[in-house]
Structure formats: structure tokens, C-alpha cells
Amino acid sequence: MNKAPVGVFDSGLGGLSVMKAIRSLMPNEDLLYFADCAYAPYGDRSSQYIIERSESITRELLLRGVKALVVACNTATATAVNDLRSKFSLPIIGIEPAVKPAAAASKTRAIGVLATTRTLTSERYRDLVKRYAQDSIKVVSVPCPGLMECVEAGAWESLHTLSLIHKYLEPIRRANADQIVLGCTHYPFLTKQIQALAPAGITIIDPSLAVAKELRHQLSLIDGLNETDHEGSERFLISGEAENHRSVVELLWNRPVQLESIRD
Ligand code: DGL
């Protein structure tokens, strides 16, 4: 058994969708969330930039004694997870677009993937599509610049947000896809809006729970689960001025939170 906290990070607040899944599956664990708001978004940055940020955040979380790391960011997973695994020796769980279950479930033989440009142009993503969506499945990969910013601003219902979603769904609609993969951890917070603007009956896939299950599995392998009765706590570290993000963090997490600014 290990009572140390689990570290979770994202470029911003989107990774809270993954942290919610972890919290629901593992109520005893203490969770330490790092939002890299001062350096976000990652979606259109170079690989080098994302690797450097991911390493620096991992060091910051290790200083605070985390026993495992969840990269709650598809973009950072696609770009930096191999590097992190080669440099740090704790269990590292990443997240990637759920192409496999979407392809397996599709009846129309067409699926849509919403993600950042960096994720969709990564080698890791190309391999994923090659491996799980063979020739007979059409994969419509839609980069969604600007959408994470809508979530960061808490502007889920704004006209700008809704028109971006409408635009990004267009190629998915045209391809008659019956599955939409949320390939960025910010987008689950827009599920209602995406559902409302997508063709009726389409299935939206969010892999957060699968990530939480993988974390639990990895911790169980090293006898690392917190098996006490205690109610898990959360701490939120934010690069830059944390207070600027309080209202949105509380909106996303649904309760008052303690924030800490990380300045370099
Ligand atoms: N939340 C992130 C992801 O899952 C990235 C958003 C961004 O920084 O562009 O890809």
C-alpha cells in the first residue's frame, strides 16, 4: 500500500475530465493536479516545447512525492510520453484518442476524431489509426484550434463556442460517421453542446474512465493503492497566476478548491 498522491497534468483545465473519472473510481486517493495554464495551449506548439513542459511539470510533481503520473492530455501523450517514460521511473499513464473502440462499434464504417493539430499530426496517432481502423473504416480526423480556449474561459454556451463546434462537426456529418471520439481532454466538458449539434443518434466516446481504470491497474501491480478509509483530497497547482482561473476550476470541479500558483 502507498499513501502518496497521484500526479495528474494537462496543458490547462481539461485534464479535470480525467481527474473526475479517477476520483469516481478511486475515492481514497490523494490527487495532485497540475494545470500548465501559463504555457497553454499545447495543441499548435512544437514537440520540443511540449516535451520540455512535460518534463518540467513531472519534476515539479515528483518534488511533491507523487507515486504515479497521469498525462491527462492527448497532445502531451502523443508527443512526450515516450520521453517521460525513458527519463522517469514511476508508472506513467497516458491518454490517446479512442479510435479502437470507436472503430469496433461503428456500423456506418465511419468515425470522427476531434483533437488538437499536434495530436492528429503525431506519429503515435498515425500508428493508432493504422493499427485499429483498417481500410474499411473511414477516420475523419478534425483538428479543433480554439476549442480548448472556450473551455478554459468557461464559455461553453457562447455563440463562438457553438459555431466552432458546428464547423468542426461538418466533415463528420458529411462522412455519415456514427461515432465521435473526444481526442482532447477539454472536450468532454462540451459533450452536451457537441451532442446537440451532432447528427441524432451519434455516439460520443470519452476515454477518461478507461484511463482511470488503467491507473488503478498499474497501482495495483506495484501494491501502490491507498487502501485506507480516508477520503481522498485534491490539490491544484497552476502555472502563472492561479487565482485567475479559480472560477473556471470551481465550475469544472463543482466545489470550492485550494489553488497554488507555480512560478518559474
Ligand atoms: N487538453 C489537451 C489534450 O488533451 C490539449 C489542449 C491544448 O493545450 O491545446 O490534447
Linear extension gain, Asn82 paired with Ser233, 0.36 nm per residue minus alpha-carbon span: 51.4 nm
10 Å binning of all Cα-Cα separations within the chain, expressed as whole percents from 0 upward: 7, 32, 36, 20, 5, 0
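How many percent of all Cα-Cα pairs in region 21-132 sit more than 17 Å apart?
Working: 3635 of 6216 pairs.
The proportion of pairs with Cα distances above 17 Å equals 58 percent.
Using helices alone, I'd like the mean residue ellipticity at 222 nm for the chain: each DSSP H run of four-plus residues gives -39500 (n - 2.57), total over residue count, nearest 500.
Working: 11 runs with 113 residues, N = 264.
The helix contribution divided over the chain gives -12500 deg cm²/dmol.
Please give the contour-minus-distance gain from Arg131 to His217: 0.36 nm per residue of separation, less the Cα-Cα distance, rounded to one decimal in nm.
Value of the extension gain: 28.6 nm.
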Alpha-carbon centroids, region 1-30 and region 83-121: separation in whole Å: 19 Å
5 angstrom amide H check on Val70, placed H, neighbours 5+ away: Gly7, Val8, Phe9, Ile93
Where labels lie 7 Å past Cα in the beta-carbon direction, separation of Glu241 and Arg124 in nm: 3.3 nm
Chain lengthening between Lys138 and Leu63 when straightened (0.36 nm per residue, less Cα-Cα): 22.5 nm
Intensity falloff of region 59-207 expressed as log10 I(q)/I(0), Debye formula with alpha-carbon point scatterers, at q = 0.11, 0.14 Å⁻¹: -0.44, -0.69
Where the Cα pairs of region 117-174 fall when distances are cut into 10 Å bins, in %: 20, 40, 29, 11
Set Lys3/Lys100; Lys107/Lys130; Lys130/Lys192; Lys138/Lys167; Lys20/Lys138; Lys100/Lys213 screened for pairs whose C-alpha atoms are more than 24 Å apart: Lys3/Lys100; Lys130/Lys192; Lys20/Lys138
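Where a number appears in this text, it was derived from the coordinates with a stated rule and is not lab data. Small disclaimer: the values here were computed from a predicted structure and weren't measured. Cβ sites come from the backbone with ideal geometry, for glycine too, and all protein chains shown count toward neighbours.
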